[in-house]
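Data block below; observations after.
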Amino acid sequence: MSRNLNLSQCISESLHLEMERDPKVIVIGEDVGAQGGVFGATRGLQKKFGSQRVVDTPISESAITGMGVGLALEGFRPVLEIMFVDFIGVCLDQVYNAIAKNHYMSGGRIRMPIVIKTAGGCIGSGAQHSQCLWGLFAHLPGLKVVAPSNPYDAKGLLASAVESDDPVIFIEHKGLLLKRAEDFTFGGEVPAERYTVPIGEAKILRDGRDLTLITLSGTVAPAVLAAEAVAKSRIDVEVLDLRSVVPLDMVTVIESVRKTGRVLVVDEDYLSFGLSGEVITRLVEAGVALKSVKRLAVPDVPIPGAVTLERAVVPNADSIEATILEMVDKR
Amino acid sequence: MRQFELTCLQGVPTREIHGELHTGVGQEAISAAMVGFLTKEDALCSTHRNHLHAIAKGVDMRAMLAEIFEKSTGLCGGYGGHMHLFDSDLKFSATGIVGAGVPVALGHAYGAQLKQNNAVAVAVVGDGAVNTGAFHEAMNMAGAMKLPLIVLVENNEWAISVPFSAASATETIAERAPSWAAHGVRVDGLDVEQVVDAFSNAVQRGRAGQGPSIIEAMCYRFRGHFEGDADLYRSTEEKERRRAADPIERIKATLIERSLATAAELDGIELSISNSMAEMLASVRSDPSPNAADARRYVFVN
């Protein structure tokens, strides 16, 4: 029986448990305190832990991220909230030049145990508030990148991110944050106590023999729906939720694709130079025999405003189903 | 400090330093003024031109020299290079990105406030950094949160080729301080005593919980922006005239005038430092280079 929670409450519960467990954990960001986050993912934290550990900041992302670096050097474990992942452009410098590189540049002598918690994904907000951008972070060495698809993974991956000695970019999906746990067909059972989900481990949500559908975050649920729809045509799809982009769990991916021989990567991020190409390249490099390969991702256009345009470029259950049917002919 | 920079310069023509090198020759009085005021708990966040600041913070000079000469015995094992020096025990860090050290110092300053350990955080920047967004964001937050942040600006009047006068809306940087509820002062950065007074005052303010300070120390970069810079943007006449005002000659003259030292004593000190730097360089040169097989280490802890 699912508890009466939405996904953002599971995230806030995870932060409560991490802050109780470790006094070095500090949450910093815009509207994270009194308001408890624009999606409620930091609700109740400031009331419980005070305004020194849960800091409402001005709209100053460079200062927030730089502050995280300084606090990490002081021995704290900052959780920085960048409200929407789209806003990372104004502070990417601290993220990729300091947070990602300081451990390396110091020859392993300093650590950056920082979490950047941010909301991505498409909910009809147009080009500057709808991106995923995990491919961008994954391209930059030194950042771990996770993007959960359900409440159970969100709570457990966040706990792993906070206890990690490496920097972790934790990308929530805006379309999932306010969804109730009971409305998830997978991962809706969330224990009240602390647990972790390991970073870098994919999860197979549905077994299948004909095709491996690899995806993550907001497109996992539509992928499962599409897999169920094509099952009526006797097409047996294995659905794999990557959960982490860095490190990429190629062991699970390779094992699945060796079995099915067909791979479809569904990615709500941009198509070119990104996750879908990376997964397929690694499969090719590993010498996995491939009968059929396709990518379904945002086709290198900004996310449009109008819903008719948006549906034309963002993968959904219908476009996933149509792509599967192109790849597997069982007539 | 001068001798350290002159020692670094020896690695450029020999290609022992195979990339850029930015020295602070001519700006020594500013770093020298910080010596003695900072404890281990105080942080110092520096720039691409960071050697003198590191020395002021007490970072081991041999380890620095080895890092700059690309040795595995370097401060960062050769992974950082001269622009990216880190000493976590001394809370010293540097960044090659102009302005980016100020938000990091802000984090140290907030850490000090949380720990209530009476520490201050210093960001040393050049005049180019004060026009970045990061500088403004960090100053504003430091003012809003009354944090013990000290921004020491080495205003050498040139951000590579663009003169400060053409880049700043205000005549001075110090006069901007009130907009961030900070204390601002402009001093002659060639006069170590003026910088000492200003720095000591800023540290006291920080420790007393009186909020951030900006010290604008006027100086001149004696060499190009980096070694190899043709430096045609500054006239020969200007460079010759300004280099004649050497902060080291100035303090030497003061010491002699006040009978605190004789010229012979000062020459003796200089010779002895020069000799010990030569020995240090010879020793560093015999250190091994980092092992190519280790290039992929340290991307992640786990």
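General observations
- Residue match in segment B:95-107 (condition: closer than 16 Å to B:Met34 by Cβ and in a strand (DSSP E or B)): no
- Residue among B:Leu260, B:Leu232, B:Leu255 that alone is outside any helix (DSSP H, G or I) and within 21 Å of B:Met34 (Cβ to Cβ): B:Leu260
- Taking helices (runs of 4 or more DSSP H) as the structural unit, those lying wholly within segment B:1-66 and holding at least 1 residues that are within 10 Å of the chain's Cα centre (by Cα) and crowded, with 17+ Cβ neighbours inside 10 Å correspond to B:28-34, B:51-57.
- Of all residues in segment A:304-321, those satisfying the criterion of being in contact with a Leu (Cβ under 9 Å, 6 or more places away or on another chain) and aliphatic (A, V, I, L, M) are A:Ala317, A:Ile320.
- Subset of segment B:67-94 (residues that are under 28 Å from A:Glu61 (Cα atoms), in a loop (DSSP other than H, G, I, E, B), more than 7 Å from chain A (Cβ to nearest Cβ) and without any contact (Cβ under 8 Å) to a residue 60 or more places away in the chain): B:Leu85, B:Asp89, B:Leu90
- When the residues of segment B:165-193 are filtered to those that are part of a helix (DSSP H, G or I) and of a type in the set (S, T, N, Q), the one that is surrounded by the most Cβ atoms within 10 Å (Cβ to Cβ) is B:Ser179.
- Candidates B:Gly268, B:Gly228, filtered to the one that is under 30 Å from B:Pro13 (Cβ atoms) and modelled with pLDDT under 95: B:Gly228
- Failed condition for A:Tyr104, given (1) of a type in the set (Ser, Thr, Tyr); (2) under 18 Å from the mean Cα position of the chain (by Cα); (3) under 30 Å from B:His82 (Cα atoms): (2)
- Among the residues making up segment A:31-54, those that are within 14 Å of chain B (Cβ to nearest Cβ), touching a helix residue (DSSP H, G or I) at 6+ places or on another chain (Cβ under 8 Å) and not aromatic (Phe, Trp, Tyr) are A:Gly33, A:Gln52, A:Arg53, A:Val54.
- Neighbours by Cβ (under 8 Å, 6+ apart or cross-chain): first from segment A:167-187, closer than 22 Å to A:Val314 by Cβ; second of a type in the set (Lys, Arg): A:Ile169/A:Lys144; A:Phe170/A:Lys117; A:Glu172/A:Lys117
- Within segment B:101-125, the residues that satisfy the criterion of being surrounded by fewer than 24 Cβ atoms within 10 Å (Cβ to Cβ) and either facing chain A (nearest Cβ under 10 Å) or closer than 16 Å to B:Ile173 by Cβ (or both) are B:Gln113, B:Leu114, B:Lys115, B:Asn117, B:Ala119.
- Total residues in segment A:139-156, condition surrounded by 24 or more Cβ atoms within 10 Å (Cβ to Cβ), within 21 Å of A:Asn6 (Cα to Cα) and not charged (D, E, K, R): 7
- Residues being buried (at least 19 other Cβ atoms within 10 Å of the Cβ), under 18 Å from the mean Cα position of the chain (by Cα), part of a loop (DSSP other than H, G, I, E, B) and outside the structural domain of A:Arg243 (by TED's automatic domain parsing) are represented in segment A:166-183 by at least one member.
- Considering segment A:83-94, and only residues there that are crowded, with 23+ Cβ neighbours inside 10 Å and in contact with a helix residue (DSSP H, G or I) (Cβ under 6 Å, 6 or more places away or on another chain), the residue that is nearest to the other protein chains (Cβ to nearest Cβ) turns out to be A:Gln94.
- A:Ile254 being touching a helix residue (DSSP H, G or I) at 6+ places or on another chain (Cβ under 9 Å) and crowded, with 23+ Cβ neighbours inside 10 Å: no
- Any hit, segment B:104-117, residues being more than 19 Å from B:Gly143 (Cβ to Cβ) and not basic (Lys, Arg): yes
- Condition met for A:Leu136 (surrounded by 23 or more Cβ atoms within 10 Å (Cβ to Cβ) and modelled with pLDDT of 95 or more): no
- Looking only at residues of segment A:100-117 that are of a type outside the set (Lys, Arg) and facing another protein chain (nearest Cβ under 8 Å), we find that the one that is farthest from A:Ile82 (Cα to Cα) is A:Gly107.
- Residues in segment B:126-164 that are farther than 24 Å from B:Ala33 by Cβ, within 14 Å of chain A (Cβ to nearest Cβ) and not in a helix (DSSP H, G or I): B:Thr132, B:Lys146.
Each row is one residue, and each column tells you yes or no for (1) under 27 Å from B:Val196 (Cβ atoms); (2) among the aromatic types (Phe, Trp, Tyr); (3) touching a Leu at 6+ places or on another chain (Cβ under 9 Å).
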| residue | (1), (2), (3) |
| --- | --- |
| B:Gly58 | yes, no, yes |
| B:Glu67 | no, no, yes |
| B:Lys71 | no, no, yes |
| B:Asp87 | yes, no, yes |
| B:Leu90 | yes, no, yes |
| B:Ala112 | yes, no, yes |
| B:Ala129 | yes, no, no |
| B:Ala142 | yes, no, yes |
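- Conditions (1) over 21 Å from B:Ala43 (Cα atoms); (2) within 17 Å of the chain's Cα centre (by Cα); number of the one not met by B:Leu149: (1)
- Each residue in segment B:248-265 was checked for being surrounded by 14 or more Cβ atoms within 10 Å (Cβ to Cβ) and more than 22 Å from B:Gln10 (Cβ to Cβ), and 7 pass.
- Scanning segment A:2-50 for residues that are more than 21 Å from the chain's Cα centre (by Cα), free of Cβ contacts under 8 Å to residues at least 40 places away in the same chain and assigned to a loop (DSSP other than H, G, I, E, B) yields A:Pro23, A:Gly33, A:Ala34, A:Gln35, A:Gly44, A:Gly50.
- The single condition among (1) within 25 Å of A:Leu178 (Cβ to Cβ); (2) of a type outside the set (Lys, Arg); (3) assigned to a helix (DSSP H, G or I); (4) within 20 Å of the chain's Cα centre (by Cα) that A:Tyr96 does not satisfy is (1).
The values are calculated or read from the model by the stated rules, or taken from the named source; none is laboratory data. Keep in mind the model is a prediction, meaning the values are calculated, not measured. Note that we place each Cβ from the backbone using ideal geometry, even for glycine, and neighbour counts take in every protein chain shown.
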